Amino acid sequence: MKEHCGVIGVYSLNGKPVGERIVKGLEALQHRGQESWGIAVNGEPILKGMGLISKGAEDNARQILTLKGNHGIGHVRYSTRGATTIGNAHPIDIQDGHFAIAQNGTIANTEDIEPLVSKEFKLQGTTTDTKLAGLRLLQHYRGTKNWTEAFKLLSKELSGSYSFVILTANGEVLGARDEAGYRPLCIGYDEVSNTYILASESCALQAMQADLVRDVDPGELVRLSKDGIESTRFAQAPRHYHCPFEYTYFAHPSSKIDNQYVYEARKELGRILAKKYPFKADVVVPVPDSARPAALGYSEVSGIPMEEGLMKDRYRRKGSLRSFIEPTHESREEIVRRIVVIKPVVEGRNIIVIDDSIVRGTSSRSIVRSLKEAGAKKIYMVVTFPPIRHPCYMGIDFPTREELVAARVGDDHLSISEINTRVAKEIGVDEFGYNDIQGLSKGTGLKENEMCYACVTGVYLGLKKDPVLRTREEMKA
């Protein structure tokens, strides 16, 4: 699966170089994007590379160490729009240095924005949603000479999700979060070095030795400059649409997002599933890595011991990476093959497998097959996320229904019980259980009317217009 990205913005009021610090923050956000990375620091050319930031930092250490700028932005990419190329890696330069922009999210209505932008700018070939949004923002800024007013105008035109970080030509770092609050963004501060930080998740602040100040509010623009931090409001929404996928899969377990700790949310989801699906078995086994807290919660309520029956082989290439956000089917399969079954844990036993979600079903089938080959007697599986049956156009890479296993097994009128039965057969387990919307709300601590369920219900309430359904090839062009 693939623009659930990670973004960083840093401003040192003491004038300290921020290049190395941005690298540390991006390394802490690597779980949000594995395709490419980029750093933009004031007074320096944008530095980009393909693959992991750790490898990029190693290969470009000399250049990173010479970066003298005291403010900048960074990005790790997981693409939902545009091909996986160095040209599409963020940060993206807008019109030869007017500003650099990086995004976490997806603009769903690029067909509306492109004609407005192309009246002034020549667009060569395909252009990513981030670049289109950046060019349109530049048009508004030229007209208003005010960032808040420019975002007010832009927000009325964009349908989709975004958390932007921007490095301006006149010495500022900006952070903006869409009014629906789809994608996370938070503010941190390091008192020792007098440095303000914007980050997708609070785990990056910990890595950068900064304290979490608060989340950026939906519809808020945060400006970091030599004068410190300033906040303005550019948009309001009648309700928010936080993405629950952050809590079940994407976010780091140590992060706190919108006042909810991810680890505690996942553990509570496991407790809820134990009550909803009280399967009788010998052992609870989490699918590494994001399902571990849920498996622990399930174990606590059920009384069935949790053991590590599946482990990622971290001694092989890509062993520690996440299959869901890999850019191709082949690379996802490679990572799943690196999940090793611990035979003594499963052989001759009935096991309950806990996973965060099932999207395509490919990984689950592979894992179940390996467990059976290792001698598991009966296999039950429960997942913390409800059935994903519709494309996401708010920042997660499943743009077509055809690739979704819960959609393939039947029409929208099936009950969760019927879907459970059919998915169990599809992936080869004895019994299967999805969470439901009510259980997901209770587990995350977020109200039902504060979350986005478009991928479950097919109702895109948070968008300003219904999305144009595209093929995967069109989305990746």
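Please treat every number below as a calculation from the coordinates, not as lab data. Because the structure is a prediction, the values reported are computed rather than measured. As a convention, Cβ positions derive from the backbone with ideal geometry for all residues, glycine included, and neighbour counts pool all protein chains shown.
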Open item on the list: Expected output is a single nm value to one decimal: the length gained when fully extending between residue 239 and residue 62, i.e. 0.36 nm times separation in residues minus the C-alpha distance. What is it?
Closed with: 59.0 nm
TODO: Return the distance in nm (one decimal) between the two label points of a simple spin-label model at residue 119 and residue 230, each offset 7 Å from Cα along Cα→Cβ.
DONE: 2.9
Open item on the list: If I stretch the segment between residue 402 and residue 373 completely, what's the gain in nm (0.36 nm per residue apart, minus their alpha carbon distance), one decimal?
Closed with: 7.5 nm
Open item on the list: On a 23 Å Cα-Cα criterion, which of the cross-link pairs 276/442; 24/447; 275/343; 275/447; 256/442 come out too long?
Closed with: 24/447; 275/343
- [ ] Provide Rg and Dmax in Å for segment 122-169, with only Cα atoms included in the calculation.
- [x] 11.0, 31
TODO: Taking the Cβ of each residue in 77, 233, 266 as the centre, tally the other Cβ atoms inside 10 Å and list the residues starting with the fewest.
DONE: 233, 266, 77
Open item on the list: Taking every DSSP beta bridge with both residues inside segment 263-444, roughly what % is antiparallel (nearest 5)?
Closed with: 20
Open item on the list: Restricting to DSSP H runs of at least four residues, report the calculated mean residue ellipticity at 222 nm for the chain, -39500 (n - 2.57) per run over all residues, nearest 500 deg cm²/dmol.
Closed with: -8500 deg cm²/dmol
TODO: Return the FRET efficiency for the residue pair residue 442, residue 169: r is the Cβ-Cβ distance, R0 is 51 Å, and the value is rounded to the nearest 0.05.
DONE: 0.60
TODO: Go ahead and run the numbers for FRET between residue 54 and residue 211, Cβ-Cβ distance against an R0 of 25 Å, rounding to 0.05.
DONE: 0.50
Task: Part-to-part distance (alpha-carbon centres) for segment 17-65 and segment 423-443, which is given in Å - done: 38
Open item on the list: Can you tell me which lysines have their Cα less than 30 Å from the Cα of residue 122? Leave out same-chain residues fewer than eight positions away.
Closed with: 2, 48, 131, 145, 152, 156, 464, 465, 476
TODO: Set Lys and Arg Cβ to +1 and Asp and Glu Cβ to -1, take the dipole of the chain about its Cα centre, and tell me which of 440, 460, 166 lies farthest positive.
DONE: 440
Open item on the list: Order 300-312, 169-181, 341-353 from most to least packed using the mean count of other Cβ atoms within 10 Å.
Closed with: 169-181, 341-353, 300-312
Task: Fewest-first ranking of 444, 127, 85, using other Cβ atoms within 10 Å as the exposure measure - done: 85, 127, 444
Open item on the list: Between residue 85 and residue 189, what is the label-point separation in nm under the 7 Å Cα-to-beta-carbon projection?
Closed with: 4.4
